[in-house]
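Peer 1: Pasting a structure below so you can have a look.
Bear in mind these aren't lab numbers, they're just calculated from the coordinates by the rules spelled out. All values derive from a computational prediction rather than experimental measurement. Cβ: placed from backbone, ideal geometry, glycine included. Neighbour counts: every protein chain shown.
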Amino acid sequence: MKICIISPNFREPTAWMISAYKTALALAKKKGIEVVVITTKTKGSKAFEIVEGVRVHRLSCFYIPDPANIAIVPFLGAHLWKIIRKEKPDRFLVNKYMFYTSLSVLWLKLFGKKVTLQTDTFPGYCWFGPSKLLNVIIWIYTRTLGLLVLRMADNVILLHEGLIEPARNLGIKRFVVIHNGVDFDSIRKAKPAKDILKFRGSKILVTYMGRLDDVKGYKLALEAAKNIGKKKRDVKFLFVCGDKYPELREKLQKEYKFIKFAGFRDPEPIWKATDIHILPSYTEGLPNTVLEAMANNVAVIATKVGAVPYIIKDGKNGILIDKGSAKGLESAILKLVDDRKLLNGVKKDSRIIIEAEFNWKKLADKVLANLSS
């Protein structure tokens with residue numbers, strides 16, 4: 001069986017979408033399964049390449065920057081038809097609903113194809129960004145064209161249980177909950193990044209891993225780090241920001257000299273050297289960084305948004321904070337730094353739920369069964 005995954009991005013330095021990348025690799029490991037990916041082309045990427053055995057087609061697009069963060073592909077239907085005729089896939093998996101590429105569901109149904117749609121949120125219903133105008137636009141979209149996309153899909157995969165009630169309220173009848181996953185094989189093989197170990201020394205390392213977009217709350221993380229830097233000498237901060245805004249990253253590095261800023265990096269070696277991961281997002285679906293950090297026994301501090309409260313039990317396997325509060329983030333970091341027993345306990349318990357419920361070895365079979373039905 002050949003499966004085509006359509007994703008807004010695919011593990012690039014400027015745009016990660018790690019969930020699509022992990023899904024593609026997990027399915028490609030299955031006997032008799034071939035995976036092809038259709039995604040957008042960002043600066044410096046190739047129109048076609050083979051990534052770890054997966055055939056990747058990248059389409060030219062124009063990008064609407066933060067706070068929209070969306071890539072628009074002109075003549076999407078024509079591009080899809082051309083690649084479909086060449087690759088001849090049997091099934092289609094569209095990851096994820098809230099991006100422009102989800103409109104491919106409409107085109108694929110016109111071609112008479114069987115399509116499964118994945119989503120970790122419903123924008124304008126249970127996902128709201130920091131921009132009021134954007135929130136109005138996505139509210140309208142989810143109740144008009146977006147609703148048509150959801151209802152035309154043959155099946156919808158919800159990435160966490162918190163989406164069951166919203167799905168029912170939106171009138172979606174064909175859905176199933178299948179979590180996004182973590183590859184524990186790659187985690188076991190990974191070694192701590194030597195440069196990061198040298199940077200942290202014997203101190204506690206707090207890592208922010210995410211884009212420098214307002215929705216991720218990176219400014220809150222910077223404020224909290226600045227305040228803690230004035231009080232504590234046993235804590236170091238690392239910001240892994242990708243290569244989307246290199247000029248901004250360089251500017252921040254000059255301003256915040258006590259913080260180490262990094263571009264696109266493989267996450268596992270970073271997690272192996274990290275004690276605490278912070279994610280002060282204003283909104284989220286099912287954040288992959290939370291899953292990966294916890295799988296690596298990293299203590300996570302994250303806002304109570306999206307699927308995060310379904311994963312983290314406050315004070316046991318992580319710390320939950322209110323969104324928009326740099327002071328709340330600062331207090332949570334200091335709470336773990338000042339109480340090593342609590343920090344070690346949280347780190348120890350972090351992996352348990354991820355290994356039980358978010359392991360790709362178990363989840364890949366569920367996704368494959370859904371696509372085959």
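Peer 1: So how do 105-117, 280-292 stack up, highest first, on mean other-Cβ count within 10 Å? Could the numbers behind the result be given before it?
Peer 2: On the way: 105-117: 18.2, 280-292: 24.5.
Answer by packing, highest mean first, reads 280-292, 105-117.
Peer 1: By average Cβ neighbour count within 10 Å, what is the ranking of 296-309, 185-198 from highest down?
Peer 2: 296-309, 185-198
Peer 1: By how many nm would the segment from Ile352 to Asp322 grow when fully extended, if each residue of separation counts as 0.36 nm and the alpha-carbon distance is taken off?
Peer 2: 8.4 nm
Peer 1: While we're here: Averaged over all directions, how much area does the convex hull of the C-alpha atoms of segment 185-357 cover when projected, in nm²? Walk me through the intermediate numbers first.
Peer 2: Numbers: hull surface 36.0 nm².
Taking the Cα atoms of segment 185-357, their convex hull projects to 9.0 nm² on average.
Peer 1: Near Lys43, which lysines are there with a Cα under 19 Å away, not counting those fewer than 8 places off in the same chain?
Peer 2: Cα-Cα hits under 19 Å: Lys244.
Peer 1: Restricting the count to DSSP beta bridges whose residues both fall in the chain, what percent are antiparallel, rounded to a multiple of 5?
Peer 2: DSSP beta bridges in the chain are roughly 15 percent antiparallel.
Peer 1: A follow-up question, please. 7 Å from Cα along Cα→Cβ at both Leu133 and Asp90: what's the point-to-point distance in nm?
Peer 2: Between Leu133 and Asp90, the simple spin-label model gives 4.7 nm.
Peer 1: Enumerate the whole-percent occupancy of each 20 Å bin, from 0 to the last occupied one, for all C-alpha pair distances of the chain.
Peer 2: Result returned by the calculation: 29, 59, 12, 0.
Peer 1: Students often get this wrong, so check it: of Lys114/Lys366; Lys203/Lys257; Lys191/Lys313; Lys82/Lys114, which have C-alpha atoms separated by over 21 Å?
Peer 2: Table pairs above 21 Å Cα-Cα are Lys191/Lys313.
Peer 1: Something else about it: If packing is taken as the average number of other Cβ atoms within 10 Å across a peptide's residues, how do 70-79, 152-161, 205-214 rank, most packed first? If you can, show how the numbers build up before the last one.
Peer 2: Working: 70-79: 15.8, 152-161: 21.0, 205-214: 22.7.
The peptides rank, most packed first, as 205-214, 152-161, 70-79.
Peer 1: How far is the Cα center of segment 312-345 from the Cα center of segment 223-251, in Å?
Peer 2: Each part reduced to its Cα centre gives a spacing of 18 Å.
Peer 1: Relative to the present Cα-Cα distance, how much length would full extension add between Lys46 and Arg143 at 0.36 nm per residue of separation?
Peer 2: Values: separation 97, 0.36 × 97 = 34.92 nm, distance 3.55 nm.
Extending this stretch completely gives an extra 31.4 nm.
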